[in-house]
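Heads up, the thing below is written out as structure tokens.
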């Protein structure tokens, strides 16, 4: 029997992903033009309203700092959400099941039914 693998129909996320992909290249190109082209050339093409050139360094530095600090803040949030080590919440929660109660008879184990020897207590040593 031969199975035919067909391509899924195009979902709504694929065109959005493509648009974001192309938009990243366009914005990256505009950023490089803004950062590298001198002000005189931009004014000659009638581009006069743009952020200061110092933002060309601030923006990547800010993004890198945020990227590197996210794991630290994630760890802090997780440690704040977890119960303390001495709390009983670390042992029991809403999904924990209590152990079944064993009823032991004198001289027998409840689980196996094996008899235990009776040891008389004669003296304290």
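The values are calculated or read from the model by the stated rules, or taken from the named source; none is laboratory data. Keep in mind it's a predicted model, so treat the numbers as computed, not measured. Ideal geometry is used to build each Cβ from the backbone, glycine not excepted, and the neighbour counts take in all protein chains shown.
Restricting the search to the stretch 40-77, which residues are part of a loop (DSSP other than H, G, I, E, B) and surrounded by 10 or more Cβ atoms within 10 Å (Cβ to Cβ)? Within the stretch 40-77, 47, 50, 51, 53 qualify.
Quick check on residue 89: is it out of contact with any strand residue (DSSP E or B) (no Cβ under 9 Å at 6 or more places or on another chain), modelled with pLDDT under 80 and assigned to a helix (DSSP H, G or I)? Explain how you work it out, then say what you get.
Details: out of contact with any strand residue (DSSP E or B) (no Cβ under 9 Å at 6 or more places or on another chain): yes; modelled with pLDDT under 80: yes; assigned to a helix (DSSP H, G or I): yes.
Considered against the rule, which asks whether it is out of contact with any strand residue (DSSP E or B) (no Cβ under 9 Å at 6 or more places or on another chain), modelled with pLDDT under 80 and assigned to a helix (DSSP H, G or I), residue 89 comes out as yes.
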